[in-house]
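Notes for the one structure printed next.
The values are calculated or read from the model by the stated rules, or taken from the named source; none is laboratory data. This structure is a prediction, so every number in the text was calculated from the model and none was measured. In this analysis, Cβ positions are derived from the backbone assuming ideal geometry, glycine residues included, and neighbour counts consider all displayed protein chains. Protein only, heavy atoms only, side chains kept; ligands, DNA and RNA dropped before computing areas. Shrake-Rupley method; radii C 1.70, N 1.55, O 1.52, S 1.80 Å.
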Amino acid sequence: MARLGGCWAFLCRCFFQYETPKILLIRSKKVGALNRLVQALILAYVIGYVCVLKKGYQDTDSVLSSVTTKVKGVALTNSSQLGLRVWDVADYVIPPQEESSFFVMTNLIVTMNQTQTRCPEVGVPERAASPCSLGAVNGYRSVQTGKCVNFSDSARTCEVFAWCPVETDSEPPNPAVLANAENFTVLIKNSIQYPKFSFGRRNILPDVNTSYLRNCIFDRKRDPHCPIFRLGDIVSEANEDFQSMAVHGGVMGIHIRWDCDLDMPESWCVPKYTFRRLDNKDPDNNVAPGYNFRFAKYYKVADNVETRTLIKGFGIRFDVMVFGKAGKFSVVPTLLNIGAGLALLGLVGAIACGDSNASSVNVEAAFSLTVNSWHRVLCDVACYV
């Protein structure tokens with residue numbers, strides 16, 4: 001009981017006491033200059049970097065976005081296989097709509113008048129070591145019937161059941177069939193919101209009218225806010241050559257950035273566009289370059305026979321990516337950053353002094369602070385002794 005009473009009395013003394021830090025006045029030019037220098041650096045960090053550059057007084061929100069696109073343009077081609085032909089949007093934009101992207105076909109390999117029947121496999125001569133087998137699948141195009149047939153006067157190959165004539169695996173035409181696609185244009189409509197601030201905006205700015213929209217084309221210097229882009233300009237902005245890219249295809253990125261300071265006028269919140277190529281074009285690793293896929297157009301001829309035209313399309317896919325952040329003044333982040341700055345200024349007082357004239361004072365102060373620190377520790381652990 002006596003021990004418990006002593007513990008209780010000690011806790012009461014610790015609880016009902018008040019401590020203040022000891023303040024030392026050190027008259028030293030070196031220490032004073034160092035003290036002011038550190039204070040100036042902390043103030044420059046808090047005011048210049050945190051408040052001005054990073055806008056630490058603002059609350060922030062991330063962008064929510066929707067994107068739709070509309071491509072326009074017509075091309076005229078004349079080839080031995082297809083003859084004189086006009087290509088419009090329904091021919092070269094596949095599929096008609098995608099989510100935040102669009103594909104424009106720039107080159108193609110056409111296999112016409114295919115029907116489901118038996119025919120010689122293309123480019124796969126029969127060898128004794130690998131005879132034709134019933135049901136064997138040849139790549140992705142056909143199934144063997146088990147028979148060996150004449151492919152030409154000097155070569156034999158396996159007979160297959162497939163869409164015949166079988167597609168010939170060859171290099172795409174160079175220059176590209178739709179080389180004129182670089183003059184096509186695309187209207188990109190982008191709507192963004194910052195839900196935290198109930199703020200919304202479109203890349204078709206409020207002062208834009210129908211007449212302007214019919215005639216404008218995006219230009220980095222003359223017209224940076226026009227939402228209509230020439231495909232050739234998009235590729236050249238990424239330091240790429242459209243005609244070279246059109247042969248095998250590729251993937252381009254259209255970046256729209258909305259960084260808005262909502263403490264400023266709403267008209268200052270405008271999009272900034274940048275462009276870059278996204279697929280790999282490393283010359284040392286050029287296996288399966290570009291971007292392509294196959295699709296077919298089906299129809300029926302005499303005797304109700306199903307026929308198709310197979311197209312291996314090469315082209316450029318454009319991915320539209322939207323980024324952004326909005327900021328607006330708020331009391332909470334302002335107080336947090338001011339408090340952090342004051343805390344850093346409080347650390348300046350912990351600078352140790354190496355001046356010989358103040359050495360005795362420093363030793364005394366250090367001893368006094370050490371005793372006070374141990375006293376606080378004893379107060380905290382008294383009940384556990």
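Go through (1) assigned to a strand (DSSP E or B); (2) open to solvent by less than 50 Å² (accessible area, probe 1.4 Å); (3) at pLDDT 95 or above and name the single condition ILE234 misses.
Result: ILE234 passes all but (1).
Taking the criterion of being assigned to a strand (DSSP E or B), modelled with pLDDT of 90 or more and under 30 Å from VAL166 (Cα atoms), would at least one residue in segment 265-279 satisfy it?
The answer is no, given that none of the residues of segment 265-279 is assigned to a strand (DSSP E or B), modelled with pLDDT of 90 or more and under 30 Å from VAL166 (Cα atoms).
If you go through segment 302-317 one residue at a time, do you hit one that is closer than 24 Å to VAL235 by Cα, open to solvent by less than 80 Å² (accessible area, probe 1.4 Å) and out of contact with any Phe, Trp or Tyr (no Cβ under 9 Å at 6 or more places or on another chain)?
No.
Tell me whether segment 72-82 contains one or more residues that are at pLDDT 85 or above, touching a helix residue (DSSP H, G or I) at 6+ places or on another chain (Cβ under 7 Å), charged (D, E, K, R) and crowded, with 16+ Cβ neighbours inside 10 Å.
no
Just checking, which of LEU345, LEU336 is in a helix (DSSP H, G or I) and out of contact with any helix residue (DSSP H, G or I) (no Cβ under 6 Å at 6 or more places or on another chain)?
LEU336
Among the strands (runs of 3 or more DSSP E) confined wholly to segment 135-212, which include 1 or more residues that are without any contact (Cβ under 8 Å) to a residue 60 or more places away in the chain and among the hydroxyl-bearing types (Ser, Thr, Tyr)?
Output list reads 142-150, 156-164.
What about VAL177, is it among the aliphatic types (A, V, I, L, M), within 43 Å of the chain's Cα centre (by Cα) and open to solvent by 30 Å² or more (accessible area, probe 1.4 Å)?
Yes.
Checking ASN209 against (1) surrounded by 19 or more Cβ atoms within 10 Å (Cβ to Cβ); (2) under 30 Å from GLY327 (Cα atoms), only one condition comes out false. Which one?
(1)
What do you reckon, is PRO131 modelled with pLDDT of 85 or more and not acidic (Asp, Glu)?
No: the conditions fail for PRO131.
Could you check segment 184-226 and list, in sequence order, the residues that are in contact with a Leu (Cβ under 6 Å, 6 or more places away or on another chain) and either hydroxyl-bearing (Ser, Thr, Tyr) or within 25 Å of MET105 (Cα to Cα) (or both)?
Hit for segment 184-226 is PHE184, nothing else.
For segment 83-113, which positions are open to solvent by 50 Å² or more (accessible area, probe 1.4 Å) and either modelled with pLDDT under 90 or out of contact with any Lys or Arg (no Cβ under 8 Å at 6 or more places or on another chain) (or both)?
Hits for segment 83-113 are LEU84, ARG85, VAL86, ASP88, ALA90, PRO95, PRO96, GLN97, GLU98, GLU99, MET112, ASN113.
Within segment 244-284, which residues are of a type in the set (Phe, Trp, Tyr) and more than 20 Å from the chain's Cα centre (by Cα)?
TRP268, the sole residue that qualifies.
Looking only at segment 304-316, decide whether some residue is in a helix (DSSP H, G or I) and closer than 30 Å to TYR49 by Cα.
No, that holds for no residue.
Which one is farthest from PHE314 (Cα to Cα), of the residues in segment 246-282 that are among the aliphatic types (A, V, I, L, M) and open to solvent by less than 70 Å² (accessible area, probe 1.4 Å)?
For segment 246-282, the residue satisfying everything is LEU262.
Counting only residues that are more than 17 Å from THR115 (Cβ to Cβ) and basic (Lys, Arg), how many does segment 138-170 have?
2
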